[in-house]
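Here the structure comes first, spelled out in structure tokens, and everything after it is commentary.
Bear in mind that the values in this text are calculations on the coordinates, not laboratory data. Keep in mind that this is a model prediction, so the values were computed, not measured. Glycine also receives a Cβ, built like all others from the backbone with ideal geometry; neighbour counts cover every protein chain displayed.
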Amino acid sequence: MLSASAEAVQMVIEFKVPDDVLVERICGRWVHKATGRSYHVKFNPPKSYDGVSVPTTENMKDDTTGQPLMQRADDTEQALPKRLRAYHAETEPILDHYFAKANCEVSQVNANQNTNKVWIDTATALHLPPRTIMILLGPPGAGKGTHAPKIVEALGIPQLSTGDMLREAVAAGTDVGLKAKEVIAEGKLVSDDIVVGIIKDRVIALDCTKGFILDGFPRTLAQARALDEMLATSSEAVKTVLEFNVPDSVLTERICGRWIHKATGKSYHTKFSPPKSYDGTSPPSGENMKDDDTGETLSQRPDDTKDALPKRLEAYHAETEPILGHYSKNSTCTVVRVDANQAPDQVWKGTAKILRI
């Protein structure tokens, strides 16, 4: 059929998993019939499932539509051996058929590993570019909150805040989230290894397929090295480190006028970027500082004060700035400093030029 139009199969990819691993995968699989979305009671449960009850159509619902999921009639331990015999006897010979074709590329991806690594290997087989992994740095008030959303929109990859990821992991009750919850309950700081574990879980999500932007991590050299080790397990590395650079003397006015919408992280400023609710002359307060989109009350960080700023800047220079030197030594990583001590549109123009977006 293809030869009639002078075409041919150019690529065949097989996802390879040992037979003995497939029983648990298959027998826990549930599908949304209308869209084909796939869930699993253990590996990818819908939000409606508590993880311990017997799965039924009452507690297995599609996340998007809320409609009941279903299991295929042959997704059973009894039916699986017959299906596997048919696959090995009838389908696998197709690989040999195309191996013999000079203009067809045949790849076998090891699918018996974490989903992130499976995707990395698949992307390699497809000759897709590696994921864009970026770190945003800058002292408090440098403008990350203003320009990060534009970078997200331009690159089509999510901005990941450690605070947001931590809250999501705790709420979801993941293994590493439960560890974090226990530490927080004891009034202790969450350790670097827990934070890295939370990042590792988060970046295998579908929205990180093309890459992701880390904001707020790493803050120290030790954290940067821990991040590097985590990424190396999937043969990845940080590709870009972007710092918004502003002299310390300029930051006081920026910081002390900053107000934030807690739910989204959207940043406002009484002078440079006021919300529509603020008249520009009254003392700013919860009554007149409202988010433009939701109308919800904005808030100020308790350490966005003249008294707290010197200590925060000292910590940034001593602990975070050395990260730039760390990644500068890596020939495959681009490290750039954007002059953020100028008008926001000029800062964005310089950022876009550097990132080629």
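Odds and ends about this structure:
- Karplus-derived 3J(HN,Hα), 6.51/-1.76/1.60, for each residue of the range 94-105, Hz, glycine and proline x: 4, 4, 4, 4, 7, 4, 6, 8, 5, 9, 10, 9
- This structure gives percent of Cα pairs over 25 Å apart, computed directly, and of (1) 51; (2) 66; (3) 56 that value is listed as (2).
- Note on the range 228-338: with charges restricted to the Cβ of Lys and Arg (+1) and Asp and Glu (-1), its dipole about the Cα centre is near 220 debye.
- Listed peptides 136-142, 276-282, 31-37, 175-181 by packing density, highest first (mean Cβ within 10 Å): 136-142, 175-181, 31-37, 276-282
- Here the Karplus curve 6.51 cos²θ - 1.76 cosθ + 1.60, taken at θ = phi - 60°, turns the phi angles of the range 183-192 into couplings of 5, 5, 4, 7, x, 9, 7, 5, 6, 4 Hz, with x standing for Gly and Pro.
- With 29 Å as the limit, the listed pairs 117/188; 188/311; 61/144; 16/179; 200/271 have 117/188; 61/144; 16/179; 200/271 beyond it between alpha carbons.
- Extending 7 Å from the Cα toward the beta-carbon at both residue 96 and residue 232 defines two label points whose distance is 4.1 nm.
- Backbone N under 17 Å from the residue 128 label point (7 Å along Cα→Cβ), restricted to the range 234-272: 234-237
- Under 16 Å from the residue 70 label point (7 Å along Cα→beta-carbon), backbone N, the range 23-49: 29-39
- FRET efficiency estimate (nearest 0.05) - Cβ-Cβ, residue 3 to residue 63, R0 51 angstrom: 0.75
- Cβ-defined net charge surrounding residue 164, 12 Å radius [Lys, Arg +1; Asp, Glu -1]: +1
- Contour minus Cα-Cα distance for residue 281 and residue 77 (0.36 nm per residue): 66.3 nm
- Amide H within-cut-off set for residue 13, under 5 Å, with H built and near neighbours excluded: 107
- Those aspartates and glutamates that a straight Cα-Cα span of less than 17 Å connects to residue 306, excepting residues fewer than 8 apart in one chain: 248, 253, 314
- Computed helical MRE - 222 nm, the chain, DSSP H runs ≥ 4 contributing -39500 (n - 2.57), nearest 500: -10000 deg cm²/dmol
- A simple count of charges around residue 265, restricted to other residues whose Cβ falls under 13 Å of its Cβ and scoring Lys, Arg +1 and Asp, Glu -1, yields +1.
- Amide H contacts under 5 Å for residue 338, placed H, 5+ residues apart: 243, 244, 245
- Gain in span if fully extended, residue 85 to residue 182, counting 0.36 nm per residue against the direct Cα distance: 30.2 nm
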